[in-house]
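Shown next, in C-alpha cells, is the structure this report addresses.
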Amino acid sequence: MEKRTFTDKYLQALKAKKAPYKQTEHAPKGEGRLMVRVLPSGVKECFYRYRVNGGDKLLSLGRYDQRGTNGKTLADIRAAYRDKRNLQEQTGDVKDHLQAIERADEIERRKGSFGQLLDAYTDSLEQASKQSTAQVRGIFKRHVSKPFPRLVKMKANEIEPGDIQEILAKMINAGIKRQVNVTRSYLRAAFTFGGKADHDPRRTAKVGVLFGLKINPVIPVPRIEEYENVGERVLDEGELRAYWKALDALPLVQRATLRFNLALACQRPSQLLRAGTDAFDFEANTLLIRDSKGRGDTRDHLLPLTRFALEQIKPLRQINADAPTLFTADSKRKAKDKTEAEPKQRTMALETLSHAVSEVSAKLTKEKKIPTFQMRDLRRTCETMMQGLKIDREIRAHLLSHGRTGGVQGKHYERHDYIDEKRNALNKWARHIERILDPDQKAKVVPIRGKAA
C-alpha cells in the first residue's frame with residue numbers, strides 16, 4: 001500500500017471528477033489520519049478520520065486552499081489535525097467530547113437570569129389563569145426586582161441562599177412581616193418551576209432559556225414561624241369606630257372600597273377587587289363574586305347588597321360609572337390632549353388596600369394607642385361580632401364563603417344560595433355597625449324584608 005503523504009503539490013494535483021472521491025494520508029496503525037475529499041466543483045475538504053469501536057468517525061478540519069485565501073493552508077490543516085489527534089488520545093472519542101463541550105456551551109448561552117426565571121414563573125401562572133398572577137408579579141417587582149437590580153441580572157443558577165436571605169432581611173428591616181413568608185414561598189415556587197422547565201421537552205424544542213438549576217436556594221432559608229401565628233387580633237367596638245372615622249384620610253376609592261367591604265362583613269378583598277361592574281345587579285341588589293378554591297374549582301358566591309352597603313358604594317358608582325370596575329386605582333392619569341387616548345383604568349391592587357389599612361392602623365396606634373391590626377384582622381373582627389349577634393355559624397360560613405359542607409353531597413348536590421339568609425344576616429350586621437358608629441342614637445336602619453331598598 002502506498003504510504004501517501006500530503007503536500008501542496010500532491011493536493012494541487014488532485015483533479016475533480018464527476019463524483020466526489022477521497023484520499024487518505026498514511027499514519028501508524030491505531031492513529032487517526034488526515035483525509036481529503038475532492039468534490040466535483042474542485043473544492044477539497046479536509047477531515048480527521050479515526051476509528052472507535054470498529055467504526056470510522058470524521059471531524060472537519062476545513063477547506064484546503066494553498067494560499068489560504070478561500071480556505072486554510074496545509075500548515076493550518078496539519079495544526080488542526082494534530083490538535084484533534086492529541087485530544088483523541090486524551091478523551092478516547094474526540095467527536096463525542098467536542099459535542100459534549102458544544103452542548104455545555106449552548107446550555108451556558110441559554111442560561112436565563114434570575115429576573116427571567118421570575119418572569120417565566122409568573123408567565124406560567126398567567127397562562128394557567130391563576131388568580132394570584134398579579135399579586136405574584138407585584139411582590140417580585142416590589143421586593144426583588146426594584147431593590148435588587150444586581151441580583152435579577154445574575155444567572156438564576158448563581159443565586160445562593162445568602163441572596164434569598166438578603167431579600168427577605170430587607171423586608172423585615174422595613175417592618176414587613178406577613179409578606180416575608182409569602183415572598184419566600186413564591187420564590188421557592190419559582191425555582192421549583194425553573195428546575196422542572198429545564199427538563200420539559202417542549203421548552204427545549206422552543207430553544208428557550210434554560211436555568212441550569214442544581215439546587216433550590218430558597219429551601220435552606222427557613223420560614224419565620226412567628227410571622228405565621230394564627231391571628232387573634234379582634235377589634236372592639238371603639239376601635240372599629242375609630243378605624244371607620246380614620247378612613248376619611250384615605251383617597252376616595254380606597255376609603256369607599258374598605259367601607260363597602262366592611263358593610264359586606266369583610267369578604268376576601270382579593271375576590272372583591274376582581275369583581276367587575278358586570279358582577280353587580282343593582283336591580284336585584286346583588287353582587288356575584290367568583291370564589292376560587294384552587295385546582296380549577298371556582299364557584300359563584302352571591303351576596304345581597306343592603307341599603308347600608310349601597311350607601312358605601314355610591315361614590316364609586318358615580319366616579320366609575322363607565323369603568324369596567326368600580327374598584328379602580330386612584331392614580332388615573334388624564335389624557336394630555338384630545339389626540340391622546342384616555343389611559344385605561346386599572347383595578348386597584350390588593351397590596352394598595354392592605355397598605356392603606358396598615359397606614360390607618362399605624363396612625364391610630366400613634367394617636368390613640370390602639371394596638372396595630374391588619375386587613376385580615378378586620379375579617380376576623382366581623383365574624384366574631386356576628387357570632388355575638390347570634391348569627392348562625394352555618395350562615396356565617398356561607399356569607400363569608402368559608403366553603404360548602406364537605407363530601408359528595410356538599411360538592412355536587414347542595415346548590416341553595418342562602419341569599420335570604422345572607423340578606424337577613426347583613427341587615428342585622430348593618431344595624432350593628434350603625435349603632436357602633438353612632439352609639440348615642442338609635443340605629444337608623446329600618447329592618448328590611450326581602451330585597452334591600
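The values are calculated or read from the model by the stated rules, or taken from the named source; none is laboratory data. From a predicted model like this one, the values you see are computed outputs, not experimental measurements. Please note: Cβ atoms are built from the backbone with ideal geometry, for glycine as well, and neighbour counts cover all protein chains shown. Side chains included, ligands, DNA and RNA excluded: accessible areas come from the protein's heavy atoms. Shrake-Rupley method; radii C 1.70, N 1.55, O 1.52, S 1.80 Å.
When the Cα convex hull of region 25-140 is projected onto planes of every orientation, the mean area is 13.1 nm².
Taking R0 as 35 Å, what's the FRET efficiency between THR192 and ILE319 from their Cβ-Cβ distance, rounded to 0.05? Working from the Cβ atoms, E equals 0.25.
Based on the Cβ-Cβ distance of LYS214 and ALA174, what FRET efficiency does E = 1/(1 + (r/R0)^6) give at R0 = 25 Å, to the nearest 0.05? So, using R0 = 25 Å, E works out to roughly 0.20. For GLY112, the amide hydrogen comes within under 5 Å of the amide hydrogens of ALA156, LEU210, PHE211, counting only partners 5 or more places away or on other chains and with H modelled in the peptide plane.
Taking all protein chains together and a 1.4 Å probe, the residues TYR418, TYR243, TYR121 rank TYR418, TYR121, TYR243 from largest to smallest accessible area. Taking every C-alpha pair closer than 8 Å and separated by at least 6 residues, the mean separation divided by the residue count of region 24-178 gives a relative contact order of 12 percent. For region 167-188, backbone nitrogen atoms closer than 16 Å to the point 7 Å from ILE224 Cα along Cα-to-C-beta are found at 167-187. Taking 0.36 nm per residue of separation and subtracting the current Cα-Cα distance, fully stretching the chain between LEU310 and GLU351 would add 12.3 nm.
For region 360-402, list residues with backbone N below 12 Å from a point placed 7 Å from the Cα of GLN271 toward its Cβ? The answer is 397-402, whose backbone nitrogens lie closer than 12 Å to the label point.
Determine the shape class of region 124-188: with a ≥ b ≥ c the square roots of the Cα gyration tensor eigenvalues, call it rounded for a/c under 1.5, and otherwise prolate if a/b is greater than b/c, oblate otherwise. Oblate, since a/c reaches 1.5 and b/c is not below a/b. Rounded to 0.05, the FRET efficiency of the ARG435 and GLN165 pair, given R0 = 45 Å and the Cβ-Cβ distance, is 0.35.
Given 0.36 nm per residue, what is the gain on full extension from LYS17 to ARG233 after removing their alpha carbon distance, in nm?
Taking 0.36 nm per residue and subtracting the Cα distance, the gain is 68.5 nm.
Distance between the 7 Å Cα→Cβ label points at GLU89 and THR384: 8.3 nm. Any chance you could check the Cα centroid distance between region 40-81 and region 354-371 for me, in angstrom? Taking the Cα centre of region 354-371 as reference, the centre of region 40-81 is 79 Å away.
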